[in-house]
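As structure tokens, the structure follows; a few thoughts come after it.
The values are calculated or read from the model by the stated rules, or taken from the named source; none is laboratory data. Just so it is clear, the structure is predicted and the values come from calculations on it, not from any experiment. Virtual Cβ from ideal backbone geometry, glycine too; neighbours counted across all protein chains shown.
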Amino acid sequence: MNDDEITVFRKARPDVPPYDDAAKARARARLLDARTSRSGRSIRLPRLTSAQGLLAAGAATAVLIAGPTLLVKNFDRDGGPGATGKSNALGPGAAAPDDRPRPGQWSYIKILSASSSKGDGGSLLGPPDLRVTREEWRSVDGKQTAFMDKGKLRTDPAAGAGVQRRSGSKQMAMSETSPRTDYPYLLSLPTEPAALLAEIGRTIDKENGPHKATAEQRASRTFQIMEIWMRDVALPAKLRSAMYRALGQIPGVKYEGRAADIAGRSGVTFYRIEEGYLRMEIMVDPATHQFLCFRAIAIRNHLSKADDRNTFRKKGDILGWGGPVKVGFVDKPGQRL
């Protein structure tokens with residue numbers, strides 16, 4: 001992430017022209033690829049996908065405290081599955097065991113992402129006909145991260161553990177990224193949907209400062225933050241359940257009782273339409289509430305204009321697609337499931 005992107009993320013306002021879809025996808029790709037800096041350190045950055053999320057940098061969240069009954073009503077209104085299917089989708093996990101990690105354990109994740117033979121450059125420039133995998137381990141105390149570097153396991157201080165990286169001529173503390181993704185913080189998140197959404201609201205308030213964003217910008221950023229928290233690490237069952245139930249309470253979120261998972265697994269989809277043409281999807285296993293994958297797909301033709309380029313997206317284009325195929329807690333870095 002360069003100085004200009006940091007400025008957009010920290011100081012952007014609703015009156016600023018939106019980023020094009022390629023810029024948004026490039027930001028996502030930096031996260032999913034977990035690219036390594038010249039020093040070999042894996043840098044974890046917050047994912048910025050929608051123009052609204054970039055511009056608002058998360059405005060205050062409101063009207064998010066509805067319970068599961070409202071979730072079902074939202075699905076009815078938006079043409080989701082019947083009442084029986086919706087009730088079943090919400091049921092599992094309500095009394096799930098809290099399988100929290102033991103001290104000294106690590107989160108292990110193996111992520112499968114789509115690439116294209118036509119190139120990606122951040123966003124896919126052609127059909128998603130190639131696959132890329134990466135593995136990462138994060139200590140649950142939030143102090144270390146590990147990854148494979150040319151076939152060898154490399155362990156570094158974790159982002160958010162007092163690590164700093166150089167951005168141009170400036171030093172940026174990784175713990176200053178928003179939303180917070182350090183492991184102790186994630187494990188401290190509330191396990192009730194209303195409280196979880198309230199915590200997102202506080203995060204968005206801090207991001208936006210004194211500036212107020214639109215309801216659409218608030219909802220878009222809330223959906224973003226939920227995906228960021230669900231995506232990259234193993235989480236306890238009760239927290240996954242809260243996130244699953246909270247997703248349907250975000251304004252504009254719709255539900256489908258199927259999923260286009262990159263690994264072919266069964267699931268359900270929560271999605272929002274961004275900028276009128278881009279469908280941002282979060283796919284979840286309804287039985288375990290485990291995050292399966294994300295997908296960004298154009299639902300109509302669209303020309304994105306930017307200072308340096310114009311990008312045309314046709315209906316059906318997939319801009320990004322990927323998610324964990326293995327995730328859980330292990331006893332040491334390098335150990336796999």
Seminar exercise, completed: Considering residues that are aliphatic (A, V, I, L, M), modelled with pLDDT under 95 and either more than 25 Å from residue 144 (Cβ to Cβ) or over 17 Å from the mean Cα position of the chain (by Cα) (or both), the number found within the stretch 154-197 is 6
Exercise. For the subset of the stretch 126-147 comprising residues that are surrounded by fewer than 17 Cβ atoms within 10 Å (Cβ to Cβ) and of a type in the set (A, V, I, L, M), which member is farthest from residue 103 (Cα to Cα)?
Worked result: 130
For this session: List every residue pair whose Cβ atoms lie under 6 Å apart, where the two residues are 6 or more positions apart in sequence or sit on different chains, the first residue falls within the stretch 103-122 and is within 19 Å of residue 229 (Cβ to Cβ) and in a strand (DSSP E or B), and the second residue, located anywhere, is of a type in the set (S, T, N, Q) and modelled with pLDDT of 95 or more.
Result: 106/139
For this session: Kindly indicate whether residue 313 is at pLDDT below 95 and out of contact with any strand residue (DSSP E or B) (no Cβ under 7 Å at 6 or more places or on another chain).
Result: no
Exercise. Is it true that residue 284 is among the hydrophobic types (A, V, I, L, M, F, W, C) and surrounded by fewer than 22 Cβ atoms within 10 Å (Cβ to Cβ)?
Worked result: no
Seminar exercise, completed: Of the residues in the stretch 176-192, those that are more than 20 Å from residue 294 (Cβ to Cβ) and outside any loop (DSSP other than H, G, I, E, B) come to 176, 183, 184, 185, 187, 188
Exercise. Which of the residues belonging to the stretch 319-336 are in a loop (DSSP other than H, G, I, E, B) and closer than 19 Å to residue 237 by Cα?
Worked result: 331
